[in-house]
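What follows is a single structure, written as structure tokens, with notes after it.
Read-outs: derived from the displayed coordinates by stated rules, not from any lab. Note that the coordinates shown come from a computational prediction; the quantities given were computed from them, not determined experimentally. Neighbour counts run over all protein chains shown; Cβ positions are idealised from the backbone, glycine included.
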Amino acid sequence: MVIFPYRYENTWVFDDDRVGLVKEPFVCGIPEMLDLLVQTIPNAECGFKLLFSQQPFPGYQIELTWQRQEFEGNWYRWQDCHLEGWLCPALFRYFDRAPGKIYAKAEPLLK
């Protein structure tokens, strides 16, 4: 799966017409994870490609592990960086249930 996050009002958001999301914000620890993930991508705040899956794939950069459910969302941990972040119920626009693991990779947008 793929989304294209960008910075808006000092946080990471994304639009996905396919699932009815506009300026859907990342909150509670996820913005900090994205900051680390895109630190080598020039102008990432203007947009980047985020590939993600519940299965590992070649070149993935981050493995998030499910921790617990809270307020209809789910907490995930990025063990390598000792960070936790909460993914809101928009997660269920992409998965039937909260995956045990989420793998992701950030790439620059093609020009």
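Descriptive notes on the structure:
- Helix-only CD estimate at 222 nm, as mean residue ellipticity for the chain, using -39500 (n - 2.57) per DSSP H run (n ≥ 4): -2000 deg cm²/dmol
- The equivalent ellipsoid of the chain has semi-axes of 20, 16, 14 Å, largest first, where each one is the square root of 5 times an eigenvalue of the Cα gyration tensor.
- Remark: relative contact order (the chain) = 29 percent; criterion is Cα-Cα distance under 8 angstrom and separation of 6 or more residues.
- Relative packing of 76-82, 31-37, which averages over residues the other C-beta atoms within 10 Å, highest first: 31-37, 76-82
- Ranked by the mean number of other Cβ atoms within 10 Å of their residues, highest first, the peptides 18-28, 95-105 come out as 95-105, 18-28.
- For segment 35-87, relative contact order (Cα pairs under 8 Å, six or more residues apart, normalised by length) works out to 21 percent.
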